[in-house]
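J.: Right, I'll just put the structure down here and ask away after.
The values are calculated or read from the model by the stated rules, or taken from the named source; none is laboratory data. Not measured: the values here are computed from a predicted model. Positions of Cβ are backbone-derived with ideal geometry, glycine not excepted, and every protein chain shown enters the neighbour counts.
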Amino acid sequence: MPMTTFTPPTRILMGPGPSGAHPRVLAAMTRPLLGHLDPDFLRVMDGCRAMLREVLQTENEVTIATPGTGTSGMEAAVMNLVEPGDRVVVGICGYFGERIAQMAERAGGEVTRVQSPWGQPVDAAVVEAAVRAAGGVKLLAIVHAETSTGAETPVEPFARIAREHGALLLVDCVTSLGGMPVRVDAWGADAVYSGTQKCLSAPPGVAPLTLSPRAWDAVRRRETPCNTWYLDLQLLEAYWDERRVYHHTAPISMVYALHEALSLVLEEGLETRWARHERNGRALQAGLEAMGLTLHAQAGYRLPVLTTVRIPEGVEDTAVRGALLHRHGIEIGGGLGELKGRVWRIGLMGESSTPGNVLLLLNALGKLLREQGFKADIRAGLDAATERLGGG
Ligand SMILES: *Cc1c(COP(=O)(O)O)cnc(C)c1O
């Protein structure tokens, strides 16, 4: 007999996304549908816009959520800002930076990739040299929090480079928004997008996106229509602003979810929420090191929301992740791209970022490592984490 209903098992989501959704967000999604032009639904959209501006720390008029996961925000930003022949420089230090470069090529851009080793931030000096060498660069792109490597690239140096060379700055904040400081206006970033399933703790489904007045000008002054109809920002903005021109049927329940998730972020307070992610992330990292493991990302640039830890010699990647999932109900991520089989990726995002999850993971992972012959010092790991958590 075919399965007629599906009840998911209980899981603790500590991978690179999705994170655990807040119960209030899930409840919001069960509310009755409204029409996508119902005045009451439009009020929810306006509420999202206002709260997105607060969470993104921006006054940008053009602040919306594109239909689709984080990648839709990336594709909307790149496809609308890059015209055939435009020069684009992408600072790449992981999988997602490379994805931006590929999209820019599909948009017809002349793309220069500036590569840094996976686990380090993008090198601003090398990027500046590339921007100067290319000349007339229209768009400079970086990923703030590289989820494939666990490394942060501080944004300010790139904002300065973009400003001095007359380029627009695009920043991927899919993993950082809601878990780490994202200050769009203070940075001077021109195009920033995110997703709902990482530190905003809603299901995957829409992508916050904001454009500075400069970036919006560039979109409106395009000589050629952008190569995507569904993610054409001029059409999307005409639905999100007071014109309310039909473009697509908004993913109603996802907009409810975004609205509730943003309310939760603002109720907690941005600073408090960033501090929570910082404390739990550092506790996990201290615990993993005290257990005898090696962190992959460069010290000083480690993300609090996503930790990469090297898989010890002789330990089987998939066996450990499988046992974590099936025996402990915990999901963590494997390595992406060149880090496949070499690291695990442990997320502490949004609702999943709790002291309890830190200790649970250390304990479970420590036991599985010992079964595989790696002498993890579980006691030391738990002690180091507990100390960082302020539990003495
Ligand atoms: C997850 C992620 C994306 C893609 O988001 P999806 O929701 O998977 O489409 C893009 N960039 C970064 C840095 C991410 O972590």
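J.: Over 29 Å from THR196 (Cα atoms) and surrounded by fewer than 16 Cβ atoms within 10 Å (Cβ to Cβ), is that true of GLU313?
T.: yes
J.: A further question on this structure: Do we find that ALA76 is small (Gly, Ala, Ser), out of contact with any Lys or Arg (no Cβ under 8 Å at 6 or more places or on another chain), within 16 Å of the ligand (Cβ to nearest atom) and at pLDDT 95 or above in this structure?
T.: Answer is yes for this residue.
J.: When the residues of segment 123-168 are narrowed to those that are within 16 Å of the ligand (Cβ to nearest atom) and in a strand (DSSP E or B), which ends up nearest to MET103 (Cα to Cα)?
T.: Across segment 123-168, the extreme among qualifying residues is ALA141.
J.: Could you grab me the full set of residues in segment 361-378 that are farther than 21 Å from ARG273 by Cβ and either part of a helix (DSSP H, G or I) or within 18 Å of the chain's Cα centre (by Cα) (or both)?
T.: Residues satisfying the conditions are LEU362, ASN363, ALA364, LEU365, GLY366, LYS367, LEU368, LEU369, ARG370, GLU371, ILE378.
J.: Moving on to the next point. If the Cβ limit is 6 Å and pairs must be 6+ apart or interchain, which residue in segment 225-241 that is at positive phi and among the hydrophobic types (A, V, I, L, M, F, W, C) pairs with which residue that is at pLDDT below 95 and outside any loop (DSSP other than H, G, I, E, B)?
T.: Pairs that qualify, where the first residue is at positive phi and among the hydrophobic types (A, V, I, L, M, F, W, C) and the partner is at pLDDT below 95 and outside any loop (DSSP other than H, G, I, E, B): there are none.
J.: Of the residues that sit in segment 26-70 and are buried (at least 18 other Cβ atoms within 10 Å of the Cβ) and among the β-branched types (Val, Ile, Thr), which one is farthest from the chain's Cα centre (by Cα)?
T.: VAL44
J.: Among the numbered criteria (1) outside any loop (DSSP other than H, G, I, E, B); (2) more than 16 Å from the ligand (Cβ to nearest atom); (3) within 25 Å of LEU37 (Cα to Cα), which single criterion is violated by VAL245?
T.: Only one criterion in (1) outside any loop (DSSP other than H, G, I, E, B); (2) more than 16 Å from the ligand (Cβ to nearest atom); (3) within 25 Å of LEU37 (Cα to Cα) is unmet by VAL245, namely (1).
J.: Pairs, please: C-beta under 6 Å, at least 6 apart or cross-chain, first residue closer than 18 Å to GLN57 by Cβ and in segment 193-217, second among the hydroxyl-bearing types (Ser, Thr, Tyr) and in a loop (DSSP other than H, G, I, E, B)?
T.: Cβ pairs passing all conditions: GLY195/THR69; LYS198/THR175; PRO208/SER194; THR210/THR58.
This table checks each residue for (1) at negative phi; (2) within 16 Å of the ligand (Cβ to nearest atom); (3) at pLDDT below 95; (4) in contact with a Leu (Cβ under 7 Å, 6 or more places away or on another chain).
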{"position": "THR30", "(1), (2), (3), (4)": "yes, no, no, no"}
{"position": "VAL44", "(1), (2), (3), (4)": "yes, no, no, no"}
{"position": "VAL55", "(1), (2), (3), (4)": "yes, no, no, yes"}
{"position": "THR71", "(1), (2), (3), (4)": "yes, yes, no, no"}
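J.: Still on this model: Hey, could you check segment 273-308 for residues that are β-branched (Val, Ile, Thr) and within 19 Å of the chain's Cα centre (by Cα) and say which is farthest from ALA364 (Cα to Cα)?
T.: So, considering only residues that are β-branched (Val, Ile, Thr) and within 19 Å of the chain's Cα centre (by Cα), the one farthest from ALA364 (Cα to Cα) is VAL305.
J.: Further, regarding this structure: Where residues in segment 202-231 are assigned to a loop (DSSP other than H, G, I, E, B) and within 13 Å of the ligand (Cβ to nearest atom), which of them is surrounded by the most Cβ atoms within 10 Å (Cβ to Cβ)?
T.: The extreme case among them is ALA202.
J.: Which pairs turn up if I take residues in segment 69-84 that are closer than 11 Å to MET103 by Cβ and look for partners that are within 9 Å of the ligand (Cβ to nearest atom) and of a type in the set (S, T, N, Q) with beta carbon separation below 7 Å, at least 6 apart in sequence or on another chain?
T.: Partner pairs satisfying both residue conditions: none exist.
J.: Mind checking which residues of segment 112-146 are touching a Gly at 6+ places or on another chain (Cβ under 6 Å) and of a type in the set (A, V, I, L, M, F, W, C)?
T.: VAL114, TRP118, VAL122, VAL127, ILE142, VAL143
J.: Step by step: first the residues of segment 182-200, then only those that are among the small types (Gly, Ala, Ser) and within 13 Å of the ligand (Cβ to nearest atom), then the one that is farthest from ALA162 (Cα to Cα). Which residue is that?
T.: Filtering segment 182-200 for residues that are among the small types (Gly, Ala, Ser) and within 13 Å of the ligand (Cβ to nearest atom), the one farthest from ALA162 (Cα to Cα) comes out as GLY195.
J.: What about GLU98, is it touching a Leu at 6+ places or on another chain (Cβ under 8 Å) and within 16 Å of the ligand (Cβ to nearest atom)?
T.: no
J.: Kindly indicate whether ALA141 is out of contact with any helix residue (DSSP H, G or I) (no Cβ under 8 Å at 6 or more places or on another chain) and in contact (Cβ under 8 Å) with a residue 12 or more places away in the chain.
T.: Spelling it out, it is not the case that ALA141 is out of contact with any helix residue (DSSP H, G or I) (no Cβ under 8 Å at 6 or more places or on another chain) and in contact (Cβ under 8 Å) with a residue 12 or more places away in the chain.
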